[in-house]
1. How many of the residues making up the stretch B:121-138 are facing chain A (nearest Cβ under 10 Å) and of a type in the set (A, V, I, L, M)?
2. Kindly state which helices (runs of 4 or more DSSP H) lie completely within the stretch A:1-94 and contain at least 2 residues that are over 19 Å from A:Q154 (Cβ atoms) and more than 14 Å from chain B (Cβ to nearest Cβ).
3. Scan the stretch B:146-204 for residues that are touching a Cys at 6+ places or on another chain (Cβ under 9 Å) and more than 26 Å from B:G93 (Cβ to Cβ) and jot them down.
4. Can you find, within the stretch B:87-120, the residue that is nearest to B:V153 (Cα to Cα) among those that are away from chain A (no Cβ under 14 Å) and of a type in the set (S, T, N, Q)?
5. When you scan the stretch B:73-81, do you find a residue that is exposed (fewer than 11 other Cβ atoms within 10 Å of the Cβ) and either out of contact with any Phe, Trp or Tyr (no Cβ under 9 Å at 6 or more places or on another chain) or at pLDDT 90 or above (or both), even just one?
6. Condition test on A:L48, is it surrounded by 16 or more Cβ atoms within 10 Å (Cβ to Cβ), farther than 29 Å from A:S113 by Cα and at pLDDT below 95?
7. For a quick check of your reading: which strands (runs of 3 or more DSSP E) sit entirely within the stretch B:91-204 and have at least 1 residues that are in contact with a strand residue (DSSP E or B) (Cβ under 6 Å, 6 or more places away or on another chain) and surrounded by fewer than 20 Cβ atoms within 10 Å (Cβ to Cβ)?
Amino acid sequence: MNISWWCTALSEPWSWTFRAYPGVWLVVAALAGGYAVAVRSNRDVEGLSLRETGFFIAGLLVFWVASDWPLGTLGAGYLASAHMVQYVLYVLVAAPLLWLGTPEWLARRVLASTGVYRAGRSLRRFPLLMGAIFNVTLILSHTPIAVDTLRPTQFGSFAMDALWLLSGLALWAPIVGSITEFTQRSYPARMLYLFFTTGVVTILPASFLTFASLPLYRTYELAPRVFGLTAINDQQIAGLIMKLSAVPIIWPVLAGMMYRWATSERASA
Amino acid sequence: MNPFPRLLVICTLVLGAVLGACEGAVIPAVGQLEGVVLQTPAAKAVFTLTDTGGRPYDFSLETKGRLTFLYFGYTNCPDICPVHLAQLAEVFGQLPEVRRNSTVVFVTVDPERDTPEVIRSFLDAFSSDFVGLSGSPEEIEAAQRAAGVPPAVKEGGGEKYTIGHAGQVLVYAPDGLGYSVYPFGTRQSDWIHDLPILLERVES
């Protein structure tokens, strides 16, 4: 059986033969174990709803699916489109689910222990910073030099995946983050934040990918072809995924916020 | 003194300079190529093998006056062979003029497993225009030597053996000379830069 720590670019042809990535399992187990231990040790102090547990498990499962074989393998070294599906799953699905599944006391404890809380408190424009972190990560992590440097090594590939998840957590902190001081209070502000952070800058790299006449990433251009896709078609699909992924994910969230805003306005009227 | 000879010399010099400048503008120097430029242009390899239709294929003769790509590989190659061929097929999609005037010749270095049908089916996945050649092990070794690449070596035993072989695509311009070779890792941007330059290298 093929075993390696983390998914990385491979030179051999793609096959549906299972590959084991113990590093992925270890990270998933560590997150699940840490969550379980924290919850168990605080059971007497504060409760945890079934809904929160469900969200956390769902977020963890999405993270696992995005990181492990087969999607992780395809995304690390074969298809730019699979790489983009991974990105979308980390940033737009796993990250908000993990936030929704994290109770406030746990989020405070984790952020306080890492010093993030103090740094966040000292910043007046927290959402702006989070939006900037997300978009800078989006741009930099999709440059050919970043992809072609990080993807061929296990550590680099792990770093890219971790960076994506963290940037996703940063993106969603002002929207569904558990720490009230960091979240946007008003619905219009939340909607504007989400629309501008996910819908504007994204167009730039997505357009580059969609309209480039040549493959941009050496990693995927020189990889054995998969599913009969040419390198340029694969790249165009990646660009479309990046550009259109907001439609099924962000727009329903915006619609939900709009509905809640209208409901709260009606109630207060 | 009759001024005519002096005038003739001046006119000849001016004409020479103009033509020289024109030639430089139309045919960029091969030194500008993105491929690995050969110090001395290589003459086109001379060999005859058998194509997938069972007919003899005189490489030098059949590809005369065309931009020619010669690659030694095998259909069970796990990595570089299919990538090289896919790259060429994809580049041709962007350069119709080059495609019309090019011939891609794939010579198997694994005649044991690569029957004509297997080679044809393998190449058709990239382009039905690609030419597939085979022959006896001795003929194939001679063809590799003629092309100036080291003969392929069988690695491992059993049915799933691999073959160590030259990984570069040899390209011959229409003038019959090879100015550069293209190792694995050549990007489509490199091909697209070089091929129109090489296509202009016609026999004078």
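1. 1
2. A:22-41, A:50-67, A:80-88
3. Of everything in the stretch B:146-204, those that are touching a Cys at 6+ places or on another chain (Cβ under 9 Å) and more than 26 Å from B:G93 (Cβ to Cβ) turn out to be B:T162, B:I163, B:H165.
4. Restricting to residues being away from chain A (no Cβ under 14 Å) and of a type in the set (S, T, N, Q), the top hit is B:T108.
5. Among the residues of the stretch B:73-81, not one is exposed (fewer than 11 other Cβ atoms within 10 Å of the Cβ) and either out of contact with any Phe, Trp or Tyr (no Cβ under 9 Å at 6 or more places or on another chain) or at pLDDT 90 or above (or both), which makes the answer no.
6. Judged against the criteria, A:L48 is not a match.
7. It comes to B:102-108, B:153-155, B:162-164, B:177-182.
Yes/no per residue for (1) more than 17 Å from B:P183 (Cα to Cα); (2) in contact (Cβ under 8 Å) with a residue 60 or more places away in the chain; (3) of a type in the set (D, E, K, R):
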position: B:P41; (1), (2), (3): no, yes, no
position: B:V46; (1), (2), (3): yes, yes, no
position: B:G53; (1), (2), (3): yes, yes, no
position: B:L70; (1), (2), (3): no, yes, no
position: B:R100; (1), (2), (3): yes, no, yes
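The values are calculated or read from the model by the stated rules, or taken from the named source; none is laboratory data. A quick note: this is a predicted structure, and the numbers were derived from the prediction, not measured. Positions of Cβ are backbone-derived with ideal geometry, glycine not excepted, and every protein chain shown enters the neighbour counts.
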